[in-house]
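Trainee: Here it is: the structure, laid out below.
The values are calculated or read from the model by the stated rules, or taken from the named source; none is laboratory data. The structure displayed is predicted, hence computed values, not measured ones. Here Cβ is always computed from backbone atoms with ideal geometry, including for glycine, and neighbour counts include all displayed protein chains. We work out accessible area using only protein heavy atoms, side chains counted, and drop any ligands, DNA or RNA first. Shrake-Rupley method; radii C 1.70, N 1.55, O 1.52, S 1.80 Å.
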Amino acid sequence: VPARMIHREGAIVHVEINSSAYFDDNQCLMHTRCFTRNVTARKLAESEREKRAAEESAKAAEESAALLEHLSVRLRQEVFLQQCLLHRMLPPKVAEDLRAGRQVPPEAFDHVTIF
């Protein structure tokens, strides 16, 4: 059974208590045996390990967020460059229809035909 006890010097000590009881044939308690083990060092190590794991997880999350932000910026730049190129090569109506995913029927112009 995990428990906390106050040491005679005033410090809180983490302990594990194991006990057993011995009964006679009439089910009368004859004696008990109890072992108390100090597990403070283990508890502190577990706490420190959990703290480090939480810090590492937070750092990894921050790094992932920064990478996603960087990739998002790059994607927006690429989309902008693609749109600029599309508008330089094609008339605005054709460029907008292509960007919207619509089919563009062929149109005839005086000097050029666009499919």
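Trainee: Residue farthest toward the positive end of the dipole of the chain, with Cβ of Lys/Arg at +1 and Asp/Glu at -1: which of VAL79, ALA66, MET30?
Mentor: MET30
Trainee: Rounded to whole Hz and in sequence order, give me ³J(HN,Hα) for the range 25-39 from the Karplus expression 6.51 cos²θ - 1.76 cosθ + 1.60, θ = phi - 60°, writing x for Gly and Pro.
Mentor: 5, 8, 6, 8, 5, 9, 6, 10, 9, 9, 10, 10, 10, 6, 10
Trainee: With percent of Cα pairs over 25 Å apart as the read-out, I listed (i) 57; (ii) 67; (iii) 73; which label goes with the value calculated from this structure?
Mentor: (ii)
Trainee: Whole-Hz ³J(HN,Hα) for each residue in the range 61-75, computed from phi via Karplus 6.51 cos²θ - 1.76 cosθ + 1.60 with θ = phi - 60°, x for glycine and proline: what do you get?
Mentor: Going residue by residue, I get 5, 5, 5, 5, 5, 5, 5, 4, 5, 4, 5, 5, 4, 4, 5 Hz, with x marking Gly and Pro.
Trainee: As a test question: what accessible area, to the nearest 10 Å², does MET30 have when a 1.4 Å probe is rolled over all protein chains in place?
Mentor: About 110 Å², rounded to the nearest 10.
Trainee: Within the range 28-66, which residues have the backbone N less than 18 Å from the label spot 7 Å out from VAL73 along Cα→beta-carbon, could you tell me?
Mentor: It comes to 62-66, nothing else.
Trainee: In debye, nearest 20: dipole of the range 10-84 around its Cα centre with unit charges on the Cβ of K, R (+) and D, E (-)?
Mentor: Values: 10 positive and 12 negative charges, 33 e Å.
Here the range 10-84 has a charge dipole of around 160 debye.
Trainee: In Å, what Kirkwood hydrodynamic radius results for the range 56-115 from the alpha-carbon pair distances?
Mentor: Numbers: mean 1/r = 0.0695 Å⁻¹.
About 14.4 Å for the range 56-115.
Trainee: For the chain, with all protein chains present and a 1.4 Å probe, just round the carbon and sulfur fraction of the accessible area to a whole percent.
Mentor: Values: 5770 of 10200 Å².
Accessible surface attributable to carbon and sulfur in the chain totals 57 percent.
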